[in-house]
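Presented below is the structure to which this report refers.
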Amino acid sequence: MTAALRADSTALDAVTTLMSADGTDAGPTRRYVVLPHRDRPRYIVPVAARFARAAHVRPGSGVRAAIARTAVRSVLATGAGRVLPGRVDVVDGTDERPGLRRHLAALVGRDDVDLVLALGAPRPNRKPVIQVVDGDGATVAWAKVGVDAHTDRLVGHETEALGRVDPDGPIAVPRVVAAGAWQGHRLLLLAPLRVEESLEPLDVTAAVVRAIAGPVASAPVSTGAWAATLAEQVRDDGAARKVVTTVLGRLGGRTWAFGAWHGDLAPWNATWEGDRLHVWDWERSTAPVPLGLDAVHNAFQQAALGGGDPVAAAAVAARGAAPTLHALGYDADDVVPVVWAYLATLRARYAEDARLGPLGPGERIAAAIDRDPILGLEGPA
């Protein structure tokens, strides 16, 4: 399953096996259409219009992508999936030996549901993100399923992170409906957040950072648990190891506050509703990291993704995150070093992921950090 799902040429067979009843051809089948086509599977959508109209199809970002998304949903809502090429049949199984749809239906307590699966592009963390939809066009739940040890860890990270967030704090998170297993891998089922997604610039406040961080403890930057984790992640990657060594050397004998972070806090994973930030997709959440990395990540990723220059993005991150870092208690001389720490953390993540396959968009950012571990950001020694 692992390698098969990471390659487009074999991903469709792998995911239909994941959806099917294990070890049986018994029971009815359900028909789906593969988008955009079988050799490049990104979405698997029910052909039935009443389910397909709820499909959360996201062909990129921006105005053109929004137009494309609206067009795709409109076509699916007409029932065109029944005649589009790239249709597949999946064995739904029985109550005793259910397929994935039946299994999730039992967990949400409703049989009149179907599944929309999003795969995304080939990358080390590729796995199905599943939208459970009903016949009225509503999202009933979201699910993630691991397919190997790496993605099992990611699903586990998300499960653990959601369990430690204060439900009465400044952030709102999806409610865990069930945490279990499917075909020997971790499964997480979540209630949907009823919010309107937005790709507008995201304001990450100090209160949000502290709510995500949980208990905070001071520790030496270059010799503590965070530094040890980085060293383990880059052990097989000489370029990444040089980055981490360079950054830790520059950070010297500082002592900072450490806690958890979301790991991918950005407009595509969060939106403000009133005075609370609604946050989803917690699979990159780990601890400990220097307090404030979420604010840096938010600013850096918005500037770097879509072809932005990583060097310019680092400067944007330093300026954009500075007010939050100051509110967290950092001195002015610590702002640039915190960005260095973020770049080392990001590069170590890429090194760990790269053991399993190409990084996709991360390749360009990793290469830039390898050329200059501080991306041109000079600061205090």
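Every read-out reported here was derived from the displayed coordinates using simple, explicitly stated rules and does not represent laboratory data. Only a predicted model underlies this, so the values are computations on that prediction, with no experimental measurement involved. Positions of Cβ are generated from backbone atoms using ideal geometry, with glycine treated the same way; all protein chains shown enter the neighbour counts.
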Roughly how many Å is it from the Cα centre of segment 127-180 to that of segment 352-374, as a whole number? 27
Under 5 Å, built H, 5+ apart or other chain: amide partners of Phe258: Ala217, Ser218, Ala219, Leu291
Rank-order 168-181, 31-44 by packing density, defined as the average count of other C-beta atoms within 10 Å over each peptide's residues, highest first. 31-44, 168-181
Need one number: convex hull volume per residue for segment 206-371, Cα atoms only, in Å³. 109
What residues have an amide H closer than 5 Å to that of Tyr43, excluding those fewer than 5 places away on the same chain, when H is modeled at 1.01 Å from N in the peptide plane? Leu35, Leu119
Positive minus negative residues near Leu325 (Lys, Arg vs Asp, Glu; Cβ under 13 Å): -2
The distance between the Cα centres of segment 322-351 and segment 186-255, in whole Å, is 9
5 Å is the cut-off here: which amide hydrogens, built 1.01 Å from N in the peptide plane, fall below it relative to Val177, excluding neighbours closer than 5 in sequence? Leu189, Leu190, Ala191
Only Lys, Arg, Asp and Glu count, each charged at its Cβ (+1, +1, -1, -1), so figure out the dipole size of the chain about its Cα centre, rounded to 20 debye. 780
Sequence order, segment 153-165: Karplus ³J(HN,Hα) from phi using 6.51 cos²θ - 1.76 cosθ + 1.60, θ = phi - 60°, Hz rounded, Gly and Pro as x, gives 5, 5, 4, x, 4, 5, 4, 5, 5, 5, x, 9, 7
As a check on your grasp of the helix formula, calculate [θ] at 222 nm for the chain: sum -39500 (n - 2.57) over DSSP H runs of n ≥ 4, divide by the residue count, round to the nearest 500. -12500 deg cm²/dmol
For the peptides 151-158, 200-207, what is the packing order when you average, over each peptide's residues, the other Cβ atoms within 10 Å and list the highest mean first? 151-158, 200-207
Which order do peptides 327-337, 296-306 fall in by mean Cβ count within 10 Å, highest first? 296-306, 327-337
Short version: ³J(HN,Hα) in whole Hz for each residue of segment 339-347, in order, from phi by Karplus 6.51 cos²θ - 1.76 cosθ + 1.60 (θ = phi - 60°), x for Gly and Pro, what are they? 5, 4, 4, 4, 4, 5, 5, 5, 5
For Ala327 paired with Asp112, estimate the spin-label separation in nm (one decimal), with each label point 7 Å from Cα along the Cα-to-Cβ line. 4.5
Extension gain Trp272-Glu196, at 0.36 nm per residue separation less the Cα-Cα distance, in nm? 26.4 nm
